[in-house]
Amino acid sequence: EFILLGLSSRREMQVLFFITFFLAYVMVLLGNLLIILTVMTESKLSSPMYFLLCNLSFIDICYSSVTSPRMLVDLLFQRKAIAFEDCIAQLFFLHFVGASEMFLLTVMTYDRYTAICKPLHYTAIMSHRVCWALVSACWAGGFLHSIVQTLLTIQLPFCGPNTINSYFCDVPPVIRLACTDIYVTEWLMASNSGLISLVVFLVLVTSYMFILVTVRVRFTKGHGKALSTSASHIMAVALVFVPCIFIYLRPFSTFPSDKHICMIYTIFSPAMNPLIYTLRNSEVKTSMWKLWKRCK
């Protein structure tokens with residue numbers, strides 16, 4: 001088994017963290033479930049953008065559920081032990097869902113690029129069949145990424161220290177405990193996680209640059225609406241990618257634990273996404289209000 005040190009050993013801080021993260025997890029569940037329910041029940045929200053948003057909400061629920069419930073339980077106990085098998089399972093699903101979200105954000109950017117830069121061909125390019133194919137490809141890509149990370153981890157020998165300086169099992173803190181030289185392994189993992197995060201992030205930034213140039217050249221009311229939607233996407237992208245690039249695109253053994261930075265993309269990003277995607281979208285807010293009035 002491994003022993004998780006958590007975020008703090010002070011009891012009063014653990015109580016504060018429990019209240020904060022419990023509220024954040026409730027916000028993740030309620031906010032994202034509300035988005036899914038709104039998109040599924042409102043016929044006006046049948047465009048590819050809202051189909052992808054619905055999938056992002058589902059991913060955020062899964063992603064937060066990989067770490068938050070376990071962390072909340074551990075905050076109630078002084079000794080935070082996790083079995084080796086449970087630790088590896090958490091690591092696998094964390095990277096599976098996390099990588100799938102990265103790829104899905106790329107697809108959402110492509111959707112915005114198509115809507116703004118090629119509006120006449122948008123319906124043909126982003127058909128229902130294409131959307132399903134792209135979402136399936138995101139999950140497949142996430143699985144391939146995660147299985148590589150997991151296989152590289154479980155082949156390492158663990159025979160010494162078993163204390164993980166974090167609140168969940170992830171590649172960097174786990175492989176630091178291996179009883180062997182991990183130089184090659186950590187660079188393989190950095191190439192897998194860090195390089196993927198960096199390349200995808202650069203693709204997203206390039207796409208948004210094309211969008212901004214297009215909007216500047218031919219600005220219309222429709223482009224203004226699309227640009228407002230893209231602004232919310234940029235906020236979500238920054239919350240996910242910037243911390244991940246910082247964490248994974250470097251040798252793991254030469255840097256201290258960054259568990260507080262990990263909180264950005266494991267806890268706060270899934271909680272913020274419902275606010276980011278609804279507060280700047282009048283159609284979603286109107287549909288939610290109509291859903292609320294029907295349920296009263």
Sticking with the crude label model, points 7 Å out along Cα→Cβ, report the distance from residue 13 to residue 132 in nm, one decimal please.
5.0
Rounded to whole Hz and in sequence order, give me ³J(HN,Hα) for the stretch 30-42 from the Karplus expression 6.51 cos²θ - 1.76 cosθ + 1.60, θ = phi - 60°, writing x for Gly and Pro.
5, x, 6, 5, 5, 5, 4, 5, 5, 5, 6, 9, 9
Across the chain, qualifying lysine pairs (alpha carbons under 17 Å, at least 8 places apart or different chains) come out at 10
With everything on Cα atoms, drop me the angle between helix 48-74 and the longest principal axis of the chain, reported from 0 to 90° to the nearest 10.
20
Hey, any idea what the orientation-averaged projected area of the convex hull of the chain's Cα atoms comes to, in nm²?
16.6
Multiply the residue gap between residue 202 and residue 83 by 0.36 nm, knock off their C-alpha separation, and tell me the result in nm, one decimal place.
39.1 nm
Reported to the nearest 10 Å², residue 73 has, with a 1.4 Å probe, an accessible area equal to 80
Just to make sure I understand: if all protein chains stay in place, what is the order of 176, 129 by accessible area at 1.4 Å, largest first?
129, 176
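Restricting to DSSP H runs of at least four residues, report the calculated mean residue ellipticity at 222 nm for the chain, -39500 (n - 2.57) per run over all residues, nearest 500 deg cm²/dmol. Mind dumping the intermediate values first?
Numbers: 12 runs with 216 residues, N = 296.
Value at 222 nm, helices only, nearest 500: -24500 deg cm²/dmol.
Using only the heavy atoms of the protein chains and a 1.4 Å probe, how would 282, 166 rank by accessible area, largest first? Each step should come with its number before you reach the end.
Values: 282 75, 166 5 Å².
Greatest to least solvent exposure: 282, 166.
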Acute angle (nearest 10 degrees) that the helix 128-154 long axis makes with the longest principal axis of the chain, alpha-carbon atoms
10
Could you list the residues of the stretch 90-124 with an amide nitrogen less than 19 Å from a label point located 7 Å from the Cα of residue 154 in the Cα-to-C-beta direction?
90-99
Quick one: Karplus J couplings for the stretch 182-190, per residue in order, coefficients 6.51, -1.76, 1.60, θ = phi - 60°, nearest Hz, x for Gly and Pro?
10, 4, 5, 4, 5, 6, 5, 5, 5
Packing rank of 1-9, 31-39, where each peptide gets the mean count of other beta carbons within 10 Å, highest leading
31-39, 1-9
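Could you give the dipole magnitude of the chain about its Cα centre, charging the beta-carbon of Lys and Arg +1 and that of Asp and Glu -1, in debye to the nearest 20? Don't jump to the answer; show the numbers that get you there.
On the way: 22 positive and 14 negative charges, 288 e Å.
In total the dipole reaches around 1380 debye.
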Please give the peptides 61-71, 195-205, 94-104 ranked by average Cβ packing (other Cβ atoms within 10 Å per residue), highest first, as a rough proxy for protection.
94-104, 61-71, 195-205
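The values are calculated or read from the model by the stated rules, or taken from the named source; none is laboratory data. On a predicted model such as this, the values are computed, not experimentally measured, just so you know. Neighbour counts are summed over all protein chains in view; Cβ atoms, including those assigned to glycine, are modelled from backbone coordinates with ideal geometry. Ligands, DNA and RNA are excluded from the accessible area calculation, which covers all protein heavy atoms including side chains. Shrake-Rupley method; radii C 1.70, N 1.55, O 1.52, S 1.80 Å.
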